[in-house]
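Where a number appears in this text, it was derived from the coordinates with a stated rule and is not lab data. Please read these numbers as outputs of a predicted model, since none were measured by experiment. FYI the Cβ positions are ideal-geometry reconstructions off the backbone, even for glycines, and counts take in every protein chain you see.
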Amino acid sequence: MNEASIDQVNKQVNKKYVYGYDLYSESVRKYDPVSDLRTVKNAILNNIHDYLLHLGEFEATARHKMKMILVLISILVAILITSLLMFGREFFKSYPRITYALMGISGLLCLFACVCGFLQDPDCVLFTVVGSSVCGSDTRRKDYLRALRGRRLCVRVNEVPNSAKVKIETQLVGPSRLFAASSVYYSVPREVPYGRYFSKDGFFYPPHMVEDIDMLLRSLNSTLLKKRQ
């Protein structure tokens, strides 16, 4: 092989996808079965989460964690109260009002945990655009994220009925609310066949996902700038 041929091969290699988050992410793996939509959605969401964190411009919101902590605390306290009433039933016979009060508290805590679990949205990931990139050296990426800094970004992945597609939607949302969804200020959707993100063997293929998320973020930035004008 002559030097000219070697240079052409090197140029082709350089044009190929440059690995980033997928060198570190445990979400880039084989998924089975990819015919299961829940598996597909979780795979895409997990990879979007890992990719955005890797950019260094995003900070994961603590809302989901806070809700889960509240649910766990509620369940643990309800179990503790129920155990106390069971093992101390002889003692509590003399205090019926206290018994009924503790039973009521336990019931309310269980109801609270059920409501929080029902309202938990498993089809999205939430971030705040902080703009303090450490590992990101792409100035163009920083430029199109500049208008989004300080805002809350939500990325949703939902199925498209009667099709082999998913809808990925980037949204700018308002402050979180405990028992209600956040207000959506701006939104940019994109429908894609979910086979685009998987190989025939079920392995997740990051380049197309990275391309689509970058495109959606640019579109969201453009939408926001147009609204300001």
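Arrange the peptides 94-103, 212-221, 20-29, 44-53 so that the one whose residues have, on average, the most other Cβ atoms within 10 Å appears first. Before the final figure, lay out each step's value.
Working: 94-103: 11.9, 212-221: 18.7, 20-29: 15.7, 44-53: 20.6.
Descending packing order for the listed peptides: 44-53, 212-221, 20-29, 94-103.
Compute the FRET efficiency between Met215 and Leu76 as 1/(1 + (r/R0)^6), taking r as their Cβ-Cβ distance and R0 = 41 Å, and round to the nearest 0.05.
Once rounded, the FRET efficiency stands at 0.40.
Quickly work out the Arg29-to-Glu90 label distance, labels modelled 7 Å from Cα along the C-beta direction, and quote it in nm with one decimal.
In this crude spin-label approximation the distance works out to 5.1 nm.
Just to be sure I understand the model, the point goes 7 Å from the Cα along the line to the Cβ. What's the resulting Tyr205 to Ser176 distance in nm?
In this crude spin-label approximation the distance works out to 3.5 nm.
Assuming R0 = 35 Å, can you tell me the calculated FRET efficiency for the pair Arg97 and Ile69, based on Cβ-Cβ distance, to the nearest 0.05?
Calculated value: 0.65.
Using the alpha-carbon centroid of each, what span in Å lies between the range 92-113 and the range 33-53?
About 41 Å separates the Cα centre of the range 92-113 from the one of the range 33-53.
Pull up all non-local amide H partners of Tyr186: gap of 5 or more, or a different chain, and H-to-H distance under 5 Å with H placed in the peptide plane.
Leu172
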